[in-house]
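J.: So that we are looking at the same thing, I have put the structure below in structure tokens.
The values are calculated or read from the model by the stated rules, or taken from the named source; none is laboratory data. Keep in mind that what you see is a predicted model, and the values were worked out from it rather than measured. Using ideal geometry, Cβ is built from the backbone for each residue, glycine included, and neighbour counts are taken over all protein chains shown.
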Amino acid sequence: METNILDAVHALTRSRLTVALTGAGISVESGIPPFRGPGSLWEKIDPTEFAHIDAFMKNPARVWEVLMGAMKKVLDTARPNKAHLALAEFERRGLLSAVITQNVDSLHQKAGSQDVIEFHGTFATLVCMACGKATPSEEIGLESLPPLCACGGIYRPDCVFFGENIPMEALGRSREFASQCEAMLVVGTSATVQPAAMMPVLAKQNGATIIEVNPTPTPLTAGVTDIFLKGNAGAVLSRLAEAIPIPARG
Ligand code: OAD
């Protein structure tokens, strides 16, 4: 068996508390484009113009037309892939305590993961900026943009725009896991957006083994990562799931 996979198997089976940190790359095989790199979202549109809260407040219709509407169409129909399913299986098998995800696509929950910390919020609910009513995203059509609540207020997704704070509970729980875990599985993130990218650094400082899954190296790979598993999340995590022995019953 490949040495790195074996090292990862040992680290995961030895660890008494393991947490995963995931990014857009884990959902690429579900048909959701990443934010950076070839074919990515930020290659086509400028995030400061469309993903900043000031841009949204200034012209919500335009942000809905150019970015949010297209995102909603993709996210409403996306299904979990082998990588999401593998992480849910790790949790069921007692190998993983929680997933900290930067993604807003709910695919970890759809795959069966129970403890998912949504670091950048979620696109699954839209919130009226006037009355505060939250409505499942799939119940809201895109016939007229921006989508409006019955009260006349404008809907926004319940996710974090650039220029906004990370939800307090998500940040607090993530920091706690990062400082207590013995292993962290970092999957499909470019590790360039703070404070999410600090979580593996914090974990490493507290003695955790950092296992990174990515087809290309990131700023973590050389100095923070202990075990680099090069490849797509679906193939690598399925391989890891197969390689971890299931304890005999009785
Ligand atoms: P990025 O788009 O920055 O990075 C995606 C990472 O996934 C890259 O490192 C790719 O090499 C890797 N990747 C691509 N395909 C993959 C595959 N099949 N399997 C595994 N990895 C793959 O996404 P994030 O790091 O999640 O923020 O971006 C962080 C934040 O930046 C996002 O949450 C979003 C964005 O602006 C907000 O919306 C606030």
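J.: Look at PRO157 and say whether it is within 16 Å of the ligand (Cβ to nearest atom), under 15 Å from GLY69 (Cα atoms) and touching a Phe, Trp or Tyr at 6+ places or on another chain (Cβ under 6 Å). Break it down stepwise before answering.
T.: Values: within 16 Å of the ligand (Cβ to nearest atom): yes; under 15 Å from GLY69 (Cα atoms): yes; touching a Phe, Trp or Tyr at 6+ places or on another chain (Cβ under 6 Å): yes.
In short, yes.
J.: So GLU65 fits all but one of (1) over 22 Å from the mean Cα position of the chain (by Cα); (2) at pLDDT 95 or above; (3) outside any loop (DSSP other than H, G, I, E, B); what number is the exception?
T.: Condition not satisfied by GLU65: (2).
J.: Among what's in region 70-106 and is outside any loop (DSSP other than H, G, I, E, B) and β-branched (Val, Ile, Thr), pick the residue that is nearest to the ligand (Cβ to nearest atom).
T.: Our first condition is that a residue be outside any loop (DSSP other than H, G, I, E, B); within region 70-106, this holds for 70-77, 82-92, 98-101.
Still in the running and β-branched (Val, Ile, Thr): 74, 77, 99-101.
Numbers: VAL74: 14, THR77: 19, VAL99: 13, ILE100: 11, THR101: 8 Å.
Filtering first and then ranking leaves THR101.
J.: Is there any pair with a first residue in region 1-30 that is under 17 Å from ARG92 (Cβ atoms) and a second that is modelled with pLDDT of 95 or more and of a type in the set (Phe, Trp, Tyr) whose Cβ atoms are under 8 Å apart and which are 6 or more apart or on different chains, and what are they?
T.: Filtered contacts from region 1-30: LEU12/PHE90; LEU17/PHE177; THR18/PHE90; VAL19/PHE177; ALA20/PHE90.
J.: Is at least one residue of region 136-144 assigned to a strand (DSSP E or B), under 30 Å from CYS181 (Cβ atoms) and out of contact with any Lys or Arg (no Cβ under 9 Å at 6 or more places or on another chain)?
T.: Initially, region 136-144 is screened for residues assigned to a strand (DSSP E or B), giving 136.
In the following step, the residues that additionally are under 30 Å from CYS181 (Cβ atoms) were identified as none.
The answer is no, given that none of the residues of region 136-144 is assigned to a strand (DSSP E or B), under 30 Å from CYS181 (Cβ atoms) and out of contact with any Lys or Arg (no Cβ under 9 Å at 6 or more places or on another chain).
J.: Which condition breaks for ALA51 when tested against (1) at pLDDT 90 or above; (2) within 26 Å of ASN214 (Cα to Cα); (3) outside the structural domain of LEU96 (by TED's automatic domain parsing); (4) more than 10 Å from the ligand (Cβ to nearest atom)?
T.: (4)
J.: While we're on this one: Name the residue that is surrounded by the fewest Cβ atoms within 10 Å (Cβ to Cβ), counting only residues in region 137-151 that are out of contact with any strand residue (DSSP E or B) (no Cβ under 9 Å at 6 or more places or on another chain) and over 13 Å from MET71 (Cβ atoms). Break it down stepwise before answering.
T.: Kept after step one, since they are out of contact with any strand residue (DSSP E or B) (no Cβ under 9 Å at 6 or more places or on another chain), are these residues of region 137-151: 141-145.
Now restrict to residues that are over 13 Å from MET71 (Cβ atoms): 141, 143-144.
Numbers: GLY141: 9, GLU143: 6, SER144: 9.
Per the stated criteria, the residue is GLU143.
J.: From the list LEU237, LEU148, LEU171, which one is among the aliphatic types (A, V, I, L, M) and within 20 Å of SER27 (Cα to Cα)? Please lay out each step first, then the result.
T.: Working: LEU148 fails: within 20 Å of SER27 (Cα to Cα); LEU171 fails: within 20 Å of SER27 (Cα to Cα).
Going through LEU237, LEU148, LEU171 in turn, just one is among the aliphatic types (A, V, I, L, M) and within 20 Å of SER27 (Cα to Cα): LEU237.
J.: Additional query: Residue check: is PHE35 in contact (Cβ under 8 Å) with a residue 40 or more places away in the chain and either loosely packed, with under 15 Cβ neighbours inside 10 Å or closer than 16 Å to LEU237 by Cα (or both)?
T.: Details: in contact (Cβ under 8 Å) with a residue 40 or more places away in the chain: yes; either loosely packed, with under 15 Cβ neighbours inside 10 Å or closer than 16 Å to LEU237 by Cα (or both): no.
Taking the combined requirement at face value, the residue does not satisfy it.
J.: Follow-up question, since we're still on this one. The conditions are (1) away from the ligand (no atom under 15 Å from the Cβ); (2) over 17 Å from LEU237 (Cβ atoms); (3) touching a helix residue (DSSP H, G or I) at 6+ places or on another chain (Cβ under 7 Å), and ILE45 fails exactly one of them. Which is it?
T.: Checking ILE45 against (1) away from the ligand (no atom under 15 Å from the Cβ); (2) over 17 Å from LEU237 (Cβ atoms); (3) touching a helix residue (DSSP H, G or I) at 6+ places or on another chain (Cβ under 7 Å), the one that fails is (1).
J.: Related question: Out of region 103-134, which residues are polar (S, T, N, Q) and crowded, with 23+ Cβ neighbours inside 10 Å? Break it down into steps so the answer makes sense when it comes.
T.: Going through region 103-134, the residues polar (S, T, N, Q) turn out to be 103, 106, 109, 113-114, 122, 125.
If the condition is that a residue be polar (S, T, N, Q) and crowded, with 23+ Cβ neighbours inside 10 Å, then ASN103, SER113 are the ones that fit.
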